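S.K.: The structure follows.
The values are calculated or read from the model by the stated rules, or taken from the named source; none is laboratory data. Keep in mind that this is a model prediction, so the values were computed, not measured. Glycine also receives a Cβ, built like all others from the backbone with ideal geometry; neighbour counts cover every protein chain displayed.
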């Protein structure tokens, strides 16, 4: 019995000794390996460096506007006729943060307009007496423009490099446009200086519509035997016989390259310089804009002057724009926002644009936005006022948007901002409401006004 | 004249490139009204300008594409 107890005690002692040795080995191993384990832990479970998200949460912008214009120099009627136009636009922009660095933005817009001048592509609707200053009820008097743009941006971890790319598609009855572009922005000097480059390409296609009375004179047309001339009496020059041909190619191509430089000048002042270069080629004329020749006798149906031709413009155009902005934080109530641009192109147009906006904070939530903008331009080389183009000219247009003029624009706006987004629609908090109104007057008969209303929501 | 003004602007900006405003000093620069980008609420106004005026670009707006014929 005693022997068995002694054997048992020896076995227990042996086991205990082995366990102790094992524990000692484990402890020793732990001590030896601990620096490496610590390093390993540092590598895999390091304390995450805080990186602010480029966009904290989904943002939704809804923007609507109503635009109206009038004047007496419609390009559709050769520089003499009503320019009355109304346009309503609704745009939805959704910005989605895909992760801390990347943002996807979907931008969709619809614009519906009624245009008195466009309605006169066909002024002979048999309901009213045709007249350059009278809208017709033709189908071309209204249209809907739709646009979808998708863009993607990526920012580097230190937020000093930003890449972006975008694709766009837009369509209206007589025009289809596709576009692609990209940009790169580099910030340095502790984010006091910013350099950027951006480029874009638009490939557009006309579905050309020509003035109604010219169509019978295109190749294969039946000229004066057309029903228009058989059912209406031509007055003035009754021998109406325009030399008219349609455009062979209906593509338009635009290439834009831009450079930007912005600099913080002071803790209250920042400014930027921008250079944009645009090259266009293809069909740059608008196919339904009439021209009346000075050396051809006028022909009329009812009170409407029949076209001698449509505008004919060169197949290429190079544009250069150089602009600068300077923003100055005067005090906690007032900011000055200024802009100047010089523009010229190889069609002979030079232009100056200057604007000043003075945001005035009247409370923590409301800001007023009075503004003034001045614009002037010289005429394009090929611009000919109403009935001054010659049939022997190579190029001509009576589009008064390409004439010499100056314009003054006065604006007023009001913004409501609630940084706490207290008001909600479903899960979206209302961040801001923007209202703007602008009145634009040329030193001609042209006048336009636009009112916009925008809402910004943030997903909570 | 314009070239001189532009040259002066470029020199002024280049000279100021050595100015460094620290992040904690940018509270006024971070005011939404100090942003240099065109405000989104003015995009339809910019579109109207690009349709009615010959000059485009250098303001962060659209520089190509679209008909702009009405």
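S.K.: Quick one: which of A:218, A:256, A:274 is surrounded by fewer than 21 Cβ atoms within 10 Å (Cβ to Cβ) and touching a residue at least 24 places away in the same chain (Cβ under 8 Å)? Let's see the steps before the verdict.
M.R.: Working: A:256 fails: surrounded by fewer than 21 Cβ atoms within 10 Å (Cβ to Cβ); A:274 fails: surrounded by fewer than 21 Cβ atoms within 10 Å (Cβ to Cβ).
None of the others qualify; the one that does is A:218.
S.K.: Given A:185, A:114, A:105, which one is more than 15 Å from the chain's Cα centre (by Cα), modelled with pLDDT of 95 or more and part of a strand (DSSP E or B)? Walk me through it before giving the result.
M.R.: Details: A:114 fails: modelled with pLDDT of 95 or more; A:105 fails: more than 15 Å from the chain's Cα centre (by Cα).
Selected residue: A:185, the only one of A:185, A:114, A:105 that is more than 15 Å from the chain's Cα centre (by Cα), modelled with pLDDT of 95 or more and part of a strand (DSSP E or B).
S.K.: Could you go through the range A:288-304 and let me know if any residue there is at pLDDT below 95 and within 7 Å of chain B (Cβ to nearest Cβ).
M.R.: no
S.K.: Also: Which one is nearest to residue A:285 (Cα to Cα) among residues in the range A:404-415 that are within 12 Å of another protein chain (Cβ to nearest Cβ) and in a strand (DSSP E or B)? Break it down stepwise before answering.
M.R.: So the first thing to find is which residues in the range A:404-415 are within 12 Å of another protein chain (Cβ to nearest Cβ), and the list is A:404-407, A:409, A:411, A:413-415.
Pick out the ones that are also in a strand (DSSP E or B) and you get A:405-407, A:409, A:411, A:413-415.
Numbers: A:405: 21, A:406: 23, A:407: 24, A:409: 28, A:411: 32, A:413: 36, A:414: 39, A:415: 40 Å.
Only one residue fits best here, namely A:405.
S.K.: Just give me the residues in the range A:80-102 being within 14 Å of chain B (Cβ to nearest Cβ) and either crowded, with 18+ Cβ neighbours inside 10 Å or part of a loop (DSSP other than H, G, I, E, B) (or both), in sequence order. So that I can check it myself, show each step before the final result.
M.R.: Narrowing the range A:80-102 to residues within 14 Å of chain B (Cβ to nearest Cβ): A:81-95.
Answer for the range A:80-102, where residues must be within 14 Å of chain B (Cβ to nearest Cβ) and either crowded, with 18+ Cβ neighbours inside 10 Å or part of a loop (DSSP other than H, G, I, E, B) (or both): A:81, A:82, A:83, A:84, A:85, A:87, A:89, A:91, A:93, A:95.
S.K.: Here is a follow-up. Anything in the range B:17-38 that is assigned to a loop (DSSP other than H, G, I, E, B), more than 7 Å from every other protein chain (Cβ to nearest Cβ), under 16 Å from the mean Cα position of the chain (by Cα) and modelled with pLDDT of 90 or more? List them, or say none.
M.R.: The answer is B:35, B:37.
S.K.: Quick one: in the range A:135-173, of everything that is buried (at least 18 other Cβ atoms within 10 Å of the Cβ), more than 20 Å from the chain's Cα centre (by Cα) and touching a residue at least 60 places away in the same chain (Cβ under 8 Å), which residue is nearest to residue A:92 (Cα to Cα)?
M.R.: A:155
S.K.: To continue, here is another question. Considering only residues that are in a strand (DSSP E or B) and touching a helix residue (DSSP H, G or I) at 6+ places or on another chain (Cβ under 9 Å), which ones fall in the range A:341-351?
M.R.: Pass one, the range A:341-351, residues in a strand (DSSP E or B): A:341-345, A:350-351.
Of everything in the range A:341-351, just one residue is in a strand (DSSP E or B) and touching a helix residue (DSSP H, G or I) at 6+ places or on another chain (Cβ under 9 Å), namely A:342.
S.K.: Any idea which of A:273, A:265 is facing another protein chain (nearest Cβ under 9 Å), assigned to a strand (DSSP E or B) and within 22 Å of the chain's Cα centre (by Cα)?
M.R.: Working: A:265 fails: within 22 Å of the chain's Cα centre (by Cα).
Just one listed residue meets the conditions, A:273.
S.K.: Scan (1) modelled with pLDDT of 95 or more; (2) over 19 Å from residue A:104 (Cα atoms) for the single condition residue A:158 breaks and write down its number.
M.R.: That leaves (1) as the condition not met.
S.K.: For residues that are more than 43 Å from the chain's Cα centre (by Cα) and either within 14 Å of chain B (Cβ to nearest Cβ) or surrounded by 14 or more Cβ atoms within 10 Å (Cβ to Cβ) (or both), tally how many sit in the range A:222-234.
M.R.: Result for the range A:222-234: 4.
S.K.: Hey, does the range A:422-429 have a residue that's over 17 Å from residue B:48 (Cα atoms), assigned to a loop (DSSP other than H, G, I, E, B) and in contact (Cβ under 8 Å) with a residue 24 or more places away in the chain? First the steps, then the outcome.
M.R.: First, pick out the residues of the range A:422-429 that are over 17 Å from residue B:48 (Cα atoms): A:422-429.
Adding the requirement that they be assigned to a loop (DSSP other than H, G, I, E, B) leaves A:422-423, A:426-427.
Applying the additional criterion that residues be in contact (Cβ under 8 Å) with a residue 24 or more places away in the chain yields A:427.
Scanning the range A:422-429, I find at least one residue that is over 17 Å from residue B:48 (Cα atoms), assigned to a loop (DSSP other than H, G, I, E, B) and in contact (Cβ under 8 Å) with a residue 24 or more places away in the chain, so the answer is yes.
S.K.: Then there is this: Looking at (1) modelled with pLDDT of 55 or more; (2) out of contact with any strand residue (DSSP E or B) (no Cβ under 6 Å at 6 or more places or on another chain); (3) farther than 30 Å from residue A:119 by Cα, can you tell me which one residue A:82 breaks?
M.R.: (3)
S.K.: Further question on the same structure: Which residue out of A:380, A:407, A:385 is at pLDDT 95 or above and farther than 19 Å from residue A:72 by Cα? Steps first, answer last, please.
M.R.: Details: A:407 fails: farther than 19 Å from residue A:72 by Cα; A:385 fails: farther than 19 Å from residue A:72 by Cα.
Matching residue, one of A:380, A:407, A:385: A:380.
S.K.: Take residue A:401 and decide whether it is out of contact with any strand residue (DSSP E or B) (no Cβ under 7 Å at 6 or more places or on another chain) and within 10 Å of chain B (Cβ to nearest Cβ). Reasoning before the result, please.
M.R.: Working: out of contact with any strand residue (DSSP E or B) (no Cβ under 7 Å at 6 or more places or on another chain): yes; within 10 Å of chain B (Cβ to nearest Cβ): yes.
For residue A:401, the condition - out of contact with any strand residue (DSSP E or B) (no Cβ under 7 Å at 6 or more places or on another chain) and within 10 Å of chain B (Cβ to nearest Cβ) - is met.
S.K.: When you scan the range A:202-221, how many residues do you find that are more than 14 Å from chain B (Cβ to nearest Cβ) and either closer than 18 Å to residue A:302 by Cβ or in contact with a helix residue (DSSP H, G or I) (Cβ under 9 Å, 6 or more places away or on another chain) (or both)? If you could, list the steps in order and put the result at the bottom.
M.R.: Pass one, the range A:202-221, residues more than 14 Å from chain B (Cβ to nearest Cβ): A:212-221.
Next, from what is left, pick out any that are either closer than 18 Å to residue A:302 by Cβ or in contact with a helix residue (DSSP H, G or I) (Cβ under 9 Å, 6 or more places away or on another chain) (or both): A:212-217, A:221.
Residues meeting the conditions: 7.
S.K.: In this structure, does residue B:59 turn out to be facing chain A (nearest Cβ under 7 Å), modelled with pLDDT under 60 and either surrounded by 19 or more Cβ atoms within 10 Å (Cβ to Cβ) or over 30 Å from residue A:438 (Cβ atoms) (or both)? Break it down stepwise before answering.
M.R.: Working: facing chain A (nearest Cβ under 7 Å): yes; modelled with pLDDT under 60: no; either surrounded by 19 or more Cβ atoms within 10 Å (Cβ to Cβ) or over 30 Å from residue A:438 (Cβ atoms) (or both): yes.
Considered against the rule, which asks whether it is facing chain A (nearest Cβ under 7 Å), modelled with pLDDT under 60 and either surrounded by 19 or more Cβ atoms within 10 Å (Cβ to Cβ) or over 30 Å from residue A:438 (Cβ atoms) (or both), residue B:59 comes out as no.
S.K.: Within the range A:294-339, count every residue that is within 26 Å of residue A:252 (Cβ to Cβ) and in a strand (DSSP E or B).
M.R.: The number of residues fulfilling the criteria is 11.
S.K.: Taking residue B:44 and the conditions (1) outside any helix (DSSP H, G or I); (2) within 30 Å of residue A:86 (Cα to Cα); (3) within 8 Å of chain A (Cβ to nearest Cβ); (4) modelled with pLDDT of 90 or more, which numbered condition does it fall short on, given that it satisfies the others?
M.R.: Of the numbered conditions (1) outside any helix (DSSP H, G or I); (2) within 30 Å of residue A:86 (Cα to Cα); (3) within 8 Å of chain A (Cβ to nearest Cβ); (4) modelled with pLDDT of 90 or more, the odd one out for residue B:44 is (1).
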